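Shown next, in structure tokens, is the structure this report addresses.
The values are calculated or read from the model by the stated rules, or taken from the named source; none is laboratory data. Owing to the predicted nature of the structure, the values given are computational and were not obtained by experimental measurement. Cβ placement follows ideal geometry from the backbone for every residue including glycine, while neighbour counts extend to all protein chains displayed. Heavy atoms of the whole protein, side chains included, go into the accessibility calculation; ligands, DNA and RNA do not. Shrake-Rupley method; radii C 1.70, N 1.55, O 1.52, S 1.80 Å.
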Amino acid sequence: MTLLYTEVEEELRAAVRDLLADKCSPSAVLDRVESGTPYDAELWKALARDIGVAGLLIPEELGGSASREGGASAREAAVVLEELGRAVAPVPFLSSAVLATQALLTAGGDIAEELLGRLAAGEATAALAVSFAASPYAPPNPSHQNGAALGEDGTVTGTVTGVIGAEVADVLLVPVRLAQGTGLCAVEASAAVRVTPVTSLDLTRPIATVSFASAPARVVARADGLEVPWVWEALVRGAGLLASEQLGVAEWCLTTTVAYVKERRQFARPVGSFQAVKHRLADLWLEVVGARAAARNAAARLADTASAGPLGDDAAVAVAVAQAHCGAVAVHAAEECVQLHGGIGMTWEHPAHLYLKRAKADQIALGTPGDHREALAGPADLPAPV
């Protein structure tokens, strides 16, 4: 296993970065946030269909590009997330191409394959109806009050809070209570579904409360007990790839800050020439390098395990290490970016606040750093493979 980027990964990075530079500048992101419709449908269409990022984790036989024999894997998805983090791009890649896709891959079956084909082709976008704050070590239980149930008439009723990507999803994947056990249902967003946006710290990634009022549903998978293995698999793999987005946020903040202190002059000399500033940025650079190693290791370990298969202990540990470290690094990098930009860093017009908000929101998503550190305290605390 190597943590270095392959030639294919670098080519994918270049394609995504060029597209984002053309269609997702900081000013464009700010304009879209102020418009009240943060998600960029045209950008997502270009990413999903033209570049094919929507199918990176989906097997080739279902229309995606994932393959154990040299095809795409979690490593390529991680590269895309790095670039999306660098641009705080308002697209549903994490919610649809990672979380929802992974839940379907784990569930398997005819309905899952049909939905995966639609996602891979860019014909539809999906969202996993689970709180973005849910921890992989305590996955949501549909038997709780804040959840949904499948009735005898085949319809879903209930409410789920804190869902990302629901506003632009064509299909909602809902963990539900069954008469016996639990299940995963697919509900078309055009059915009896109400999506209510709520105030989100991250302006570029809205969250919403999703209510189902006897919405027609298809059962994708069933489980006998109260556990929801499809959700656990999606959350833990999503957490591992989220570290790459956090890495992208931190890298942008470091690069932008270094460029600024080279130009900003105070007392007739560049601010970056002061020793105190040099030390702060050197320390931050070391943190970012460590975050890159942790994020790449998590992505590589996830790539070594089949997306539809059980997650091994090595991959689970790599995910916990990455999330325990990368979240704090992204927040620190964003804080330094704001502070070292001085007064301009405090303004709405400068995009630094978007990165700080994304970093803070990501830090408490899919398990806090504390949750992942506690999991690392003893092997018994790590989630068992499905």
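Pop a pseudo-label 7 angstrom from the Cα along the beta-carbon direction at both A377 and D304 and give the gap in nm to one decimal.
2.7
Go through region 171-177 residue by residue and turn each phi into a ³J(HN,Hα) via Karplus (6.51, -1.76, 1.60, θ = phi - 60°); whole Hz please, and just put x for glycine and proline.
Each residue's phi maps through the Karplus curve to give 10, 10, 9, 10, x, 10, 7 Hz.
Could you list which residues have their amide H under 5 Å from that of A66, counting only those 5 or more apart in sequence or on another chain, with H placed in the peptide plane?
Under 5 Å from the amide H of A66 lie the amide H atoms of I58, E60, A72, each far enough along the sequence or on another chain.
Identify all lysines with a Cα-Cα distance to K278 below 26 Å; exclude those on the same chain that are fewer than 8 residues away in sequence.
K262, K357, K360
Provide the descending list of Cα extents for region 147-217 along its principal axes, expressed in whole angstroms.
39, 22, 15
Averaged over every viewing direction, what's the projected area of the C-alpha convex hull for region 181-276? Give it in nm², one decimal, please.
Here the figure is 10.6 nm², rounded to one decimal.
Give the Rg (one decimal place) followed by the Dmax (whole number) of region 219-371, computed from C-alpha coordinates and expressed in Å.
18.9, 71
Any idea what angle helix 26-35 forms with the longest principal axis of the chain, computed on alpha-carbon atoms, 0 to 90 degrees, nearest 10?
Computed tilt is about 50 degrees.
Let me know the longest stretch in the chain that avoids all chymotrypsin sites (Phe, Trp or Tyr not before Pro) found in a DSSP loop with at most 12 other C-beta atoms within 10 Å.
Answer - 1-266.
Could you work out what % of the accessible surface of the chain is carbon and sulfur, using a 1.4 angstrom probe and leaving DNA, RNA and ligands out of the count?
Roughly 54 percent of what the probe reaches on the chain is carbon or sulfur.
Testing the spin-label approximation: label points 7 Å from Cα along Cα→Cβ at S214 and E349. State their distance in nm.
Simple spin-label model gives 5.5 nm for this pair.
Explain nothing, just compute: Karplus ³J(HN,Hα) = 6.51 cos²θ - 1.76 cosθ + 1.60, θ = phi - 60°, for every residue of region 9-16 in order, whole Hz, x for Gly and Pro.
Karplus-based 3J(HN,Hα) across region 9-16 equals 5, 5, 5, 5, 4, 4, 5, 5 Hz.
Which residue fluctuates most in the GNM of the chain (Cα springs below 10 Å): L47, L19, L115?
Fluctuation is largest for L19.
Quick check for you: which residues of region 146-183 have the amide N under 19 Å from the point 7 Å beyond the Cα of R222 toward its beta carbon?
Flagged as within label range: 148-157, 174-183.
Pairs of Cα atoms under 8 Å, at least six residues apart: use those to get the relative contact order of region 44-133, whole percent.
Value for region 44-133: 35 percent.
Specify the residue with the greatest mean-square fluctuation among A78, A299, A316, computed from a Gaussian network of the chain linking alpha-carbon atoms under 10 Å apart.
Of A78, A299, A316, the Gaussian network model singles out A316 as fluctuating most.
Using a probe radius of 1.4 Å on heavy atoms only, what accessible surface per residue do you get for the chain? Whole Å² is fine.
41
Please give, to one decimal in nm, the separation of the simple spin-label points placed at T368 and E152, each 7 Å out from Cα toward the Cβ.
Placing both labels 7 Å beyond Cα along the Cβ direction yields 4.4 nm.
Based on the alpha carbon coordinates of region 87-205, what radius of gyration and maximum Cα-Cα distance (Dmax) apply, in Å?
Answer for region 87-205, Rg first and Dmax second: 13.9, 46 Å.
Could you name the lysines whose alpha carbon sits less than 23 Å from that of K45, not counting residues in the same chain fewer than 8 places away?
K23
Relative to the compact-globule scaling 2.2 N^0.38 Å, provide the ratio for the alpha-carbon radius of gyration of region 75-119.
1.30
Longest segment of the chain with no GluC sites (Glu not before Pro) in a DSSP loop having at most 12 other Cβ atoms within 10 Å?
153-348
Over the chain, with a single point scatterer placed on each C-alpha, what log10 of the ratio I(q)/I(0) does the Debye formula yield at q = 0.07, 0.09, 0.11 1/Å?
Values, matching the q order: -0.30, -0.49, -0.73.
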